[in-house]
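The values are calculated or read from the model by the stated rules, or taken from the named source; none is laboratory data. Everything quoted here is computed from the prediction, not taken from an experiment. A quick note on method: Cβ atoms are made from the backbone with ideal geometry, for glycine too, and the neighbour counts reach across all protein chains shown.
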Amino acid sequence: MSIINFKRIGTRLHRSRYLYLLILLPVIYYLLFHYRPMYGILIAFQNFRVARGIWGSDWVGLLHFRRFLGDPYFWQLVRNTFLISFYGLLWGFPAPIILAIMLNELRLKRFKRFVQSVSYLPHFISVVVISGMVVRFVSFDGLINQITGLFGIAPRQFLMFPQYFRTIFISSGIWSSVGWGSIIYLAALSGVNPELYEAASIDGAGRFRKMISVTLPSITPTISIMLVLNLGRILSVGHERVLLLYNGAIFETADVISTFVFRRGIMGNDFSFATAIGLFESLIGLVFIITANKISNLISENGLW
Amino acid sequence: MKIRRTPAEITFDAANILLLGLIAFIMIYPMYYVFIVSISSGIHVLRGDVTFFPRQPTFEVYRTVLQNPDIHTGFRNTLLYTSVGTAINLIMTTLCAYPLSRKDFYGRKPLTFFFLLTMFISGGMIPLYLTVLDLGLINTMWAIVLPPAISTWNMLIMRSFFTNIPESLHESATIDGANDLQILSRIVLPLSKPVMATMLLFYAVAHWNSWFSAVIYLNQRARLPLQVFLRDIVITGVFGDQHELVGTAMDHFQVVATNYQYAVIIITVVPILLVYPFLQKHFTKGVMIGSIKG
């Protein structure tokens, strides 16, 4: 029996031989640039020295985890990261949904396409350009101070005050992502059965009523999936925009886990410590996404898996 | 059926149009403002009285910017990384997506799992950096173009496109004696222009806009891409070799630092704006494929 099986496997392998040839390079790529770094996580439990490699470095167990869990600055980082994510989600999550619903209600097709085009545009502009514009706009002689100046408010260097960072970071984030984020909801909205609207009209529902009772429920599955995905990222504020926007004067609110990892790891060469923090961040993310998925499944059966 | 519009509906529509008009304005205005400030006379920029139209427009500042050697270096490197990087992306993504799209590919399921797993688990910033260091790629173009060679998400979009190509085409080609390599090059690829265009744009824009990988992997000035110089000029306010040039121009109040910074922004964004009409069409389609099939 087993000989026959081997033979069959052999023929199948042989039949797919060219496909293996094609996929060989991608497999090597994934091994090198995805799986090798995963294996590199081991250095979180070491005092890693580049010259000695992973097998030559000393193992220290959970030392690095204990080190930063005991460090008060670490809790400041967690707090900053969490608050940026939380407020980012609070304001930024509904924004594309609202935009999509508004666009969906629009009858002027041309105007609709125009609004869509201009709102997708920032998605294609680099973070450096967007952050550069933000930095200049909120600077002492920038656009924002000119506008607030109209109301007699004295100009200030906004990025020097810790209390403004979150607002600047989150609002510019929404500006750049709201249009693109609305596409997925528009796709969901285009699949809504028109008969539902007709039925609602016959029952005497107005436009607003239909929006609440027909439109919104029909995109709830999409909304809950997106929410679960976003909750998984609650402790991972992207480092790029923060690095571009923050400065030493506002670390108090602006420094987040990922930027700290960058400074300690890449700039400070403290590889093991930085990897340990990065690992901590992803583990929390995993816990969040699993919990959010559980809750979503319990409430609406719209989980990710 | 045509529904007669009640006064309430008219108010609803008017409010909606007004709000969306406002949103569209907020989306365009910052970019437009950057442009009109860049070409306005320095004295008006300093006074802050440029609002909706340029004041005493002059394109002088653009000439100064284009004389900046850093901008040249940046453009050259970015063009190089974008073209080489995108070529690698397209080849590698196709090589990966095609076999996975074939239902008769023996080992398709475990391999798909092998690739998909990386979307959920990753080594993180430091282990990836150490890998690039170990491979000896630091300070070379390869550190910029190889690590992002395949975006798993894009690969899935391409795979779903390939899956939709009728299997009968494969079968008839096999009967004619074509092997899988020939099927890919003569039948599948000629049919895949739309998805290739989408992928080309996805990847090229990502390379053009990429900044962070250059920050961590490159430390020779001659190799830096445009975005790094852009950051120095616009955010840090470092003008490189042109510090004096900008200074002299400033003395005459023709050009101030702000003009210069905003002009640099415009110059970096123009290539994106030029391809945007194509981008939008293909990108939206790509996202749709992704959201339906993913």
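Each residue in segment A:258-305 was checked for being touching a Lys or Arg at 6+ places or on another chain (Cβ under 7 Å) and either without any contact (Cβ under 8 Å) to a residue 24 or more places away in the chain or within 18 Å of A:GLY232 (Cα to Cα) (or both), and 3 of them qualify. Residue count for segment A:167-195 under the criterion of being surrounded by 15 or more Cβ atoms within 10 Å (Cβ to Cβ) and closer than 28 Å to B:THR51 by Cβ: the result is 11. If you go through segment B:24-67 and keep only what is exposed (fewer than 12 other Cβ atoms within 10 Å of the Cβ) and closer than 11 Å to B:ASN259 by Cβ, you end up with just B:PHE59. In segment A:71-86, is there at least one residue being over 19 Å from B:PHE25 (Cβ atoms) and small (Gly, Ala, Ser)? Yes, because at least one residue in segment A:71-86 is over 19 Å from B:PHE25 (Cβ atoms) and small (Gly, Ala, Ser).
The test for being within 17 Å of B:ASP13 (Cα to Cα), more than 7 Å from chain B (Cβ to nearest Cβ) and not hydroxyl-bearing (Ser, Thr, Tyr) holds for A:ASN104.
Would you confirm, using the coordinates I've provided, whether B:VAL264 is facing chain A (nearest Cβ under 7 Å), at pLDDT 90 or above and under 20 Å from the mean Cα position of the chain (by Cα)? So that I can check it myself, show each step before the final result.
Details: facing chain A (nearest Cβ under 7 Å): no; at pLDDT 90 or above: yes; under 20 Å from the mean Cα position of the chain (by Cα): yes.
No; evaluated as a whole, the condition is false for this residue.
Scan segment A:9-50 residue by residue and report those that are over 29 Å from B:SER185 (Cβ atoms) and assigned to a helix (DSSP H, G or I). Passing the criteria: A:TYR35, A:ARG36, A:PRO37, A:MET38, A:TYR39, A:GLY40, A:ILE41, A:LEU42, A:ILE43, A:ALA44, A:PHE45. Of all residues in segment A:23-36, exactly one satisfies the criterion of being farther than 17 Å from B:TRP142 by Cα and buried (at least 21 other Cβ atoms within 10 Å of the Cβ), namely A:ILE23. In this structure, A:GLN163 qualifies as loosely packed, with under 15 Cβ neighbours inside 10 Å, over 30 Å from B:THR268 (Cα atoms) and not aromatic (Phe, Trp, Tyr).
Among the listed residues A:SER171, A:SER177, A:SER218, which satisfies the condition of being among the small types (Gly, Ala, Ser), out of contact with any Ser or Thr (no Cβ under 6 Å at 6 or more places or on another chain) and more than 14 Å from chain B (Cβ to nearest Cβ)?
Step by step, each of A:SER171, A:SER177, A:SER218 is checked, and only A:SER218 is among the small types (Gly, Ala, Ser), out of contact with any Ser or Thr (no Cβ under 6 Å at 6 or more places or on another chain) and more than 14 Å from chain B (Cβ to nearest Cβ).
Of all residue pairs spaced 6 or more apart or on separate chains, those with beta-carbon atoms under 9 Å, a first member in segment B:26-50 that is closer than 15 Å to A:VAL129 by Cα and a second member that is of a type in the set (Lys, Arg) and assigned to a helix (DSSP H, G or I) are B:VAL34/A:ARG136. Those helices (runs of 4 or more DSSP H) of segment B:29-104 in which 3 or more residues are more than 30 Å from B:ILE157 (Cβ to Cβ) and in contact with a helix residue (DSSP H, G or I) (Cβ under 7 Å, 6 or more places away or on another chain) occupy B:60-67, B:69-101. All of (1) of a type in the set (A, V, I, L, M); (2) within 24 Å of B:ASN16 (Cα to Cα); (3) at pLDDT 90 or above hold for A:VAL134 with one exception: (2).
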